[in-house]
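Quick notes on the structure that follows.
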Amino acid sequence: MNFENVEQVVYLGPQSSFCEIAKDKFVQKYNISAYSMGLSTIKQIVEYVDKNSNVLGVLPVENTLDGTIREGLDNLITTKNENIKILSETIIPQNYCLLSKTTELYSITGVIGSPIMLGQCHKFIENELPLNLNIVETTSSYEAARLLDGYNLTYSSIGTEKTAQIFNLNILKSNINDDKYNYTRFILIGDYNTELTGDDKTTIALSCKDRPGALVELLNVFNNKKINISYISSHPSRFSLDEHILIINLDGHYNDANIVSAIEDVKNYTKMFRCLGSYEKCKFSQDILTTQL
């Protein structure tokens, strides 16, 4: 993909979030030279990309603990520019670090973090930090690190390696979160076309016609054309509880002849159909080995 004309990359802020880490990874992978900006909601990201053709967006779509993050795909389905597509994906481990201006873990008397971060690092705080630890709650890892300036050197914050880089803090201990298998899948979206890599997947969204057997007939189209379905989920439409939206991942690229043929046949069984993009599969095990953040 050629991203030479990209002017901006927007992501789910604030700074030092895991989404910014995913953004950095996409920028490095595709050698993107553009201004980055954090936005407050996933909806804002999709809408901003929808209105600006030379903008890319990064947003989370799936987490190993919480499952599918519906907001991203729901908004992607309804963009006015139907050329807005998923261009790439990456998987980021949700690893938290204990950060401080000091280098001595044993001297820590206080910790600053958001309620979510504090909860996800409960065992570490309880077992490895003092019993009389002073806990200060705030809104994000960025804000927690910023607040360290108002406390003495015995205070620490919970954040990411990106947080440590931004605020020039020491990492006293990495991977302090209780669940060591917490990963989030992020996607890169924009009005660009992807090329076949030989190991792609295509994401489609659709709603079936309201008649007996429509779903079975639809799925049989892919079976008859030897197309593997690697993922399928269903949830109520944003517009009607009587209508359900299916999100389906297919092995292959939308420029593959059999995918093109299958999609044309599948449309006979749908009320709504939207191709959300074809992109190279992210190798989960390899990604984790190369992204220890």
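Since every read-out is calculated from the coordinates, none of them should be taken as a lab result. This structure is a prediction, so every number in the text was calculated from the model and none was measured. All Cβ positions, even for glycine, are placed from backbone atoms using ideal geometry, and neighbour counts span all protein chains on display.
Protection proxy ranking, highest mean first, for peptides 41-49, 228-236: 41-49, 228-236, where packing is the per-residue count of other beta-carbon atoms within 10 Å, averaged. What percent does the relative contact order of the chain come to when contacts are Cα pairs within less than 8 Å and at least six residues apart? Normalised by residue count, the contact order of the chain is 22 percent. Full extension of the chain between residue 173 and residue 63 gives 37.2 nm of extra length, using 0.36 nm per residue less the Cα-Cα distance. The convex hull drawn around the Cα atoms of the chain, when projected onto a plane and averaged over every direction, covers 16.7 nm². Please tell me the relative contact order of the stretch 97-173 in percent, rounded to the nearest whole number, where contacts are Cα pairs under 8 Å and at least six residues apart. Once normalised by length, the contact order is 52 percent.
Distance between the pseudo-spin-label points of residue 228 and residue 109 (7 Å out from Cα toward the beta carbon): 5.8 nm.
For the peptides 190-201, 56-67, residues were scored by their other Cβ atoms within 10 Å and the scores averaged per peptide; the highest-first order is 56-67, 190-201.
Highest-first packing order for the peptide set 219-226, 273-280 is 273-280, 219-226, based on the mean count of other beta carbon atoms within 10 Å. The shape of the stretch 97-173 comes out rounded: with a ≥ b ≥ c from the C-alpha gyration tensor, a/c is under 1.5.
Applying 0.36 nm per residue to the separation of residue 220 and residue 154 and subtracting their alpha-carbon distance, the gain on full extension is 17.5 nm. For the stretch 32-160, the share of alpha carbon pairs falling in successive 5 Å distance bins from zero is 2, 9, 16, 17, 14, 11, 11, 10, 6, 3, 1, 0 percent.
Measuring r between the beta carbons of residue 31 and residue 210 and using R0 = 30 Å, the FRET efficiency lands at 0.05.
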